[in-house]
Every structure is written in C-alpha cells, then in structure tokens.
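Report on one structure; see the data block that follows.
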Amino acid sequence: MYKIISIIIITFFYMSCELDNSTEIMGCTDNLACNYNSNATTDNGTCVYPEGTCDCNNLPLEGYCDCNGSLPDQDGECEAGSEDLCIGNECFVINEFLASSEFCCDDENLGLYGEDFAEFYNKGDNSIDISGWGFGDNPEDISAIAPVDTIIEPGEYLIVWFTGEGDGLAENWPQSSDKLSSDGETIYVEDAESNIIINYDFPAQTQDVSQACFPDGTQNWLFDSTPTPGATNGSNP
C-alpha cells in the first residue's frame, strides 16, 4: 500500500512539473525592446522602444543632446533640430536599406518581388536635382543612373532596387544591376560629376530585416523586422 501511494505522489509531482513547463507566459518577446522579457513565450503587444535618439533610460545616445536628434553646438549647448540643418546635396541621405531579401520587399508597378533596396530621403527644405547621379556598391562601376529631371522634393523618399539584374542604364531606373551583400558592404552614391555624395558601410544583415533611421533623416540606426520602403520609419521599430 505504501508503495502504491508513493508511486501516485511521484506521478502527480511529475505531471505538475510537466504542466508548469508548458505554462504560457505573456510579455514582450522582442529583444530590441526596453521591456524585453526573456521568459515570455507569447507576445502580448506591450513592447516599449526607445524614443528618437534616446536609449531605454530616456538618455540621449552618444553624440546627441536630446531625443529629437539635436546635436550640441560649439559651446556645448543643445541646438534644437541641429541634425536637420543641411545645405544642398548633404540633405540627401540614406534612410533605410534591406540587404538580405527573401519575402520582402516588392514593387508591383515594376514587377519586382522579394528584392533588396536602399531608401533615400530629402531631409531638407529645398528640392534636389539628382539627374545623372549614380547608385551602386562599387564607385568604379556604378550600377544605376538617375534619368534627366529626376527631382526629389523635401520630405520625399527615393527607392533604388538592388536586383542584380539589368544594365544600370537610366531607362531601367530605379533598378540597380548590383545585389547588396548580406555579409555587409558599402552603398555608394555619386553626383553627375562622379563626386561621392554617400558612402555608407553596413555590417552583416539578417534575412528580411532592414536597417533604418529612427526618426527619418537622423543617424539613429536600428534594425526593423517590418521594412517600410517609401514610407516613414516612425519614431521606433
């Protein structure tokens, strides 16, 4: 009788452990979030992310003096919106890119599906004429050329698709004959006189996860599992 009772107790204890191990734990499952819960098994939509150019403690990231992308002036004072101050071509910046595409991203009008891309953004107050500008991953062999009268208006986005196909001529715009490397490389932009406007180095990338600036036009680069080519990145992923 004692043995039977012992077996029943042990069996009940074992079953209890099995139930405990399968218990659903609700919480934030995104390891990029400030309130990431490593024990959570189901995401409950409560993830909280850093705001703008601040960290999870609401402290400015290195080089910034507030959460709005402001930079300190020569006297160390916080110059509001200083990162947004730009002149001419320097207002044309890379804003997001995807270098390891599988299911994302598409442009149905161009018949492109699951392609790498680089998104550029005019963060200034004036139009920028990029006629004849070249885009690619090698400054000696530019793979996409903007046609005549290609104007990027203030606040406007430009998407260049790095498909690895085509010949790089203006009539194939905005498709590049280069394919971005998931192992990391450099994205180049040259003006019509072959002056390098942008040379952005990036590290190894994750499939269908982009790197983007939060907010647009800043240098606060974060990984984003929901790429947004041609649309605002918002304030956090």
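The numbered conditions (1) hydrophobic (A, V, I, L, M, F, W, C); (2) within 22 Å of the chain's Cα centre (by Cα); (3) crowded, with 17+ Cβ neighbours inside 10 Å are all true for W173 except (2).
Scanning the stretch 90-122 for residues that are crowded, with 20+ Cβ neighbours inside 10 Å and either among the β-branched types (V, I, T) or assigned to a loop (DSSP other than H, G, I, E, B) (or both) gives V93, I94, A99, S101, C104, C105, E115.
Selection over the stretch 133-147 of residues that are free of Cβ contacts under 8 Å to residues at least 60 places away in the same chain and in a loop (DSSP other than H, G, I, E, B) gives a count of 8.
Set side by side, the residues S194, S235, S176 differ, and just one is within 15 Å of F117 (Cα to Cα) and modelled with pLDDT under 95, which is S176. Just one of (1) at pLDDT below 95; (2) in contact with a Cys (Cβ under 9 Å, 6 or more places away or on another chain); (3) among the aliphatic types (A, V, I, L, M) fails for I128. It is (1). Take the conditions (1) exposed (fewer than 13 other Cβ atoms within 10 Å of the Cβ); (2) aliphatic (A, V, I, L, M); (3) farther than 20 Å from P154 by Cβ; A231 misses just one of them, which is (3). The residue that is modelled with the lowest pLDDT, counting only those in the stretch 18-30 that are surrounded by 10 or more Cβ atoms within 10 Å (Cβ to Cβ) and on the phi < 0 side of the Ramachandran plot, is D30. Exactly one residue among V160, V189, V209 is within 28 Å of P50 (Cα to Cα) and buried (at least 16 other Cβ atoms within 10 Å of the Cβ), and that residue is V209. When you check D216 against the structure, is it more than 28 Å from L61 (Cα to Cα) and in contact with a Phe, Trp or Tyr (Cβ under 6 Å, 6 or more places away or on another chain), yes or no? Here the answer is no, as D216 does not meet what is asked. Restricting the stretch 193-222 to residues that are small (G, A, S) and not in a strand (DSSP E or B) leaves a set whose member that is farthest from S131 (Cα to Cα) is A204. Among the residues of the stretch 101-135, those that are over 22 Å from T228 (Cβ atoms) and either of a type in the set (S, T, Y) or within 18 Å of the chain's Cα centre (by Cα) (or both) comprise S127, S131. Selection of the stretch 125-154 for residues being among the hydroxyl-bearing types (S, T, Y) and surrounded by 17 or more Cβ atoms within 10 Å (Cβ to Cβ) yields S143, T150.
The values are calculated or read from the model by the stated rules, or taken from the named source; none is laboratory data. Being a predicted model, the structure only gives us computed values, none of them experimental. Neighbour counts are summed over all protein chains in view; Cβ atoms, including those assigned to glycine, are modelled from backbone coordinates with ideal geometry.
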